[in-house]
Structures are given as C-alpha cells and as structure tokens.
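The values are calculated or read from the model by the stated rules, or taken from the named source; none is laboratory data. These numbers were taken from a predicted model, which means no experiment stands behind them. Don't worry about glycine lacking a Cβ; one is built from the backbone with ideal geometry, like all the others, and counts go over all protein chains shown. We work out accessible area using only protein heavy atoms, side chains counted, and drop any ligands, DNA or RNA first. Shrake-Rupley method; radii C 1.70, N 1.55, O 1.52, S 1.80 Å.
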Amino acid sequence: MNTRALDYTLLTLVIIGAINWGLTGLFHFDLIAWIFGSYTWWARIIYLIIGIAGILLISLYGRIRSATQ
C-alpha cells in the first residue's frame, strides 16, 4: 500500500471519529455505539482503529513540512 492510499484511509477514519465526537457533543448520540452496540467488542475495536489512525496521522505534519521546503 502506498503512502497516499494509507493517508486517505487514515484521514477517512479520523473524519468518522470527528463526526462521532460532534454528534456526541451536540446531541449526546454515539453513532459507533448505535451501530455496533454500547461498548461491545466490535465497538471497542472500531474506537481503537480510529484512535490508531489519529496517532499515525501525526506523521503527516512532518511530511507536509518537508514537502513545502
């Protein structure tokens, strides 16, 4: 998998996480828990994957900086 495809996949997961946080903050509605059940192992895996995606996207800052110099 090339870096560009990985970046788009990670960015999509983080956007899903951000939408979930927005729904939780505005309406007290947890989309992931609604789809997969409240803290079932499926939901926990989805939360974990989204969290890992966010951590991996930290490297994007360094790549953007090196591309602009």
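Just from its helices, what would the mean residue ellipticity at 222 nm be for the chain, if runs of 4 or more DSSP H residues each count -39500 (n - 2.57) and the sum is divided by every residue, rounded to the nearest 500 deg cm²/dmol?
Values: 4 runs with 58 residues, N = 69.
Theoretical 222 nm ellipticity from helices: -27500 deg cm²/dmol.
For the stretch 32-39, just list the computed ³J(HN,Hα) in residue order, Karplus coefficients 6.51, -1.76 and 1.60, θ = phi - 60°, integers in Hz, with x standing in for Gly and Pro.
Taking θ as phi minus 60°, the curve returns 5, 5, 5, 6, 9, x, 6, 6 Hz for the stretch 32-39.
So what is the accessible area of the chain per residue, in Å², with the probe set to 1.4 Å? Provide the component values of the computation, followed by the final result.
Details: 5540 Å² over 69 residues.
Roughly 80 Å² per residue, with all protein chains present.
How large, in percent, is the carbon and sulfur part of the accessible surface of the chain at a probe radius of 1.4 Å? Write down the numbers at each step before the final one.
Working: 4010 of 5540 Å².
It is 72 percent, rounded to a whole number.
Only one of the values (i) 34, 23, 20; (ii) 44, 23, 21; (iii) 45, 27, 15 was calculated from this structure for Cα extents along the principal axes in Å; name its label.
(iii)
What net charge do the residues around residue 38 carry, taking every other residue with its C-beta under 13 Å from that of residue 38, with Lys and Arg at +1 and Asp and Glu at -1?
Working: positive: 44; negative: 30.
Cβ neighbours under 13 Å give a net charge of 0.
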